[in-house]
Structure formats: C-alpha cells, structure tokens
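Single-structure report; data block below.
The values are calculated or read from the model by the stated rules, or taken from the named source; none is laboratory data. Because the structure is a prediction, the values reported are computed rather than measured. Quick reminder, even Gly has a Cβ in these numbers, built from the backbone with ideal geometry, and neighbours come from all protein chains shown. Surface areas here come from the heavy atoms of the whole protein model, side chains and all, with no ligands, DNA or RNA. Shrake-Rupley method; radii C 1.70, N 1.55, O 1.52, S 1.80 Å.
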Amino acid sequence: MGVAESAYRIARDYASSRRQFGVAIEKLPAVRDLLIDMKISVEAGRALLYETSRIVDLELGYARQLEFNPPADKEELKAVKNESRKCSRLAAMLTPMSKYFCSEMCNTVAYDSIQVLGGSGYMRDYASERHARDARITTIYEGTSQLQVVAAVRGVCSGTADKYLLEMGEQSYEPDLKDLLVLLDSGRELLNKSIAFVKENGTEYMDLYGRPLVDIAIALINGYLFCSQASTKVDMQVAVAAENGKASDKTVSIKERKKMVARRYITKNAPRIKALGDSIMAGDKSTFSGYEALVGPVPAE
C-alpha cells in the first residue's frame, strides 16, 4: 500500500506541473482518467486491507475470549463460538485476497506512474522507477499471487464469500446508492452461477479459473465497502483540486466524494464482472486439451 500510495503521489504531482500542448498534462482526458483509476485503486486496496484487519482482530479477540474468559452461560458461549468460527472462515478468505489484490494493484499503479511521467519516469531523476522495482517482488514473496488465489478461491467456492456478500447487502445504505446495490446484487448472482459451473467441471477447472472467480468476489466486496463509506454519518469536508492541480480552498463533503468513488468503481467493474463470468462459463478447456500444440516444443539452445 505504501509503494502504491507513493507512486500515485509522484504521478499526481507531475501531471499537475508538466505542461504539454500549452496545458498541464492532467488536462488531457487520457492522463486524467489514468490518475483517477490509480487513486481509486489505492483506495480500494486500503478498504479491503482495513476490512481484513478488522476481521482478523475479531478472530483473535474471540479466540482469546474463548481461551481465557469463556462465557458461563451456554447460549452466550455458543454464540461466541459461532462468531469465532465465522470470523476464522472470513479471515482465511480475506487475508489471501488482500495480499493478492494489494500487491497486484501496487504493480499496476507503479507501472502507470511511470507512464504518466513518460521517459522521466524511467530515469532515476524520479522515484517511479524504484517503485516499479519494489512493487514487483510483492507478488512473489510471502506467497505468490497464484498461491494467494488458490487459498482465496476455496473460501469463494465454499459459500463463505456468498454469505459475506449477503450480509453486506443487507446493511443500511444511502437511498441514492440503490442502483449501485442492484448492480452488486446482480454480480453476486453471476458469481454464484460461475461457482456452480466450476464445481460441475471439477477441481482442475476450479484451479484454472480461480483467479477470475477471486477477482469477481473482490470487486463485489470492494463495491460494498465503498457504498458503506459513502453512507458515513461523518460530517466533514475534504479538499478538491484547483485549476492548477494544487490544493485549493474548494471542498466537497466526504460523503459526496465517497459516493462518486463508489459510483465510478462499481459501474466500471460491472462490465468486467460480466466478462469474467462469461469467460468462466464458456467452458474453454484448451489449457488441458491443447497445451502441447499451443505452446510448441521447448526452444532449442
């Protein structure tokens, strides 16, 4: 998260000061769009990480309570045990999800930061090139992205993700987020259809399409987390960019800004979720049946 945040900040500062065609490059739609996606990606990673940390804290808290101070009342003890098991299942799914999403996001943001800076981003004049190198190892150490997906997809296919998403969908949100919640609910239904299809095709097929399954689940979880943030009761103002891209006296309420973030994130991910679901249910098994022909022989020395 730190590398991604730093990479974004360099790109944001550079885009506001670097002029091309007589204007700051942040005025160019392609650059502007890239910066927004970078910013929201960082916020999505942070939201997922904080939610995972919250669940892990609860898991550890319940475990300590059961070990050192279990309730005397049988019904209360049963309730605590149920919550403990629930948090353990969620933590087992969300922890690899966070590692996978945040490290992959970090690589994308670091790569895009260099892109915003152009040739300067490739040189040592800026820290962007170092961030790209630092980011690359994060998808490898402490378990590669592929291993994180293997760990996370078990929770997705076991029903843990669906129960979690159902709970999130039943929370109280702002009325004007209703259309976004409908999109998220449709995404959940598609995820369940995809899971059912995968299960019909066996364990190998689940391993093959584990990544898109996990990607769908993460996109839905982050969507609900953004809607929750947009429904905050906190009344505060946050700064917006001035014409020159620097800080200004202009402000917007945090609630309104979070609604904008939620809307952009969910609506942009809706077609992606559908595409991922379609690819999963296409039934393409050429990885198994056509491997030898598709990759060809090992290159000669």
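Structure above, values below:
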{"quantity": "Segment 1-40 pair-distance distribution - Cα-Cα, 10 Å bins, rounded %", "calculated": "32, 52, 15, 1"}
{"quantity": "Segment 1-126 - Debye-derived log10 I(q)/I(0), Cα point model, q = 0.13 Å⁻¹", "calculated": "-0.63"}
{"quantity": "Additional length obtainable on full extension of the chain from T287 to V182, 0.36 nm per residue less Cα span", "calculated": "34.3 nm"}
{"quantity": "Span-rule helices in the chain, defined as complete DSSP H runs reaching 18 Å or more along the axis (Cα) with Kyte mean at least -0.5", "calculated": "2-17, 29-68, 74-117, 145-158, 178-200, 210-230"}
{"quantity": "Segment 155-235, accessible surface, carbon-and-sulfur percent (1.4 angstrom probe)", "calculated": "50 percent"}
{"quantity": "Cα lying deepest toward the dipole's positive end in segment 178-301, options Q229, L213, Y265, charges on Cβ", "calculated": "Q229"}
{"quantity": "The chain, relative contact order in percent, only Cα pairs under 8 angstrom and at least six apart counted", "calculated": "19 percent"}
{"quantity": "For segment 149-210, Kirkwood radius (reciprocal of mean inverse C-alpha pair distance, Å)", "calculated": "12.7 Å"}
{"quantity": "Phi-based couplings in Hz for segment 202-209 (Karplus 6.51, -1.76, 1.60; Gly and Pro marked x)", "calculated": "x, 5, 4, 5, 5, 5, 5, 10"}
{"quantity": "Computed [θ] at 222 nm, helices only, for the chain once each DSSP H run of length n ≥ 4 contributes -39500 (n - 2.57)", "calculated": "-25000 deg cm²/dmol"}
{"quantity": "Mean separation of Cα contacts under 8 Å, 6 or more apart, over the residue count of segment 28-159: relative contact order %", "calculated": "29 percent"}
{"quantity": "Segment 86-170, relative contact order [Cα under 8 Å, separation at least 6], %", "calculated": "44 percent"}
{"quantity": "Overall form of segment 94-204 per C-alpha gyration tensor (a/c, 1.5; a/b vs b/c)", "calculated": "oblate"}
{"quantity": "Mean accessible surface per residue for the chain, computed with a 1.4 Å probe while every protein chain stays in place, in Å²", "calculated": "55 Å²"}
{"quantity": "Paramagnetic reach from D125 in segment 5-46 [backbone N under 14 Å; point 7 Å along Cα→Cβ]", "calculated": "14-15, 17-20"}
{"quantity": "Distant-in-sequence amide H partners of A24 (H built 1.01 Å from N, under 5 Å)", "calculated": "none"}
{"quantity": "Volume of the Cα convex hull of segment 210-298, divided per residue and given in Å³", "calculated": "160 Å³"}
{"quantity": "Reported label for calculated Rg/Rh (Cα atoms, Kirkwood Rh) given (1) 0.98; (2) 0.96; (3) 1.02", "calculated": "(3)"}
{"quantity": "Percent carbon-and-sulfur accessible area, segment 66-129, ignoring ligands, DNA and RNA, probe 1.4 Å", "calculated": "52 percent"}
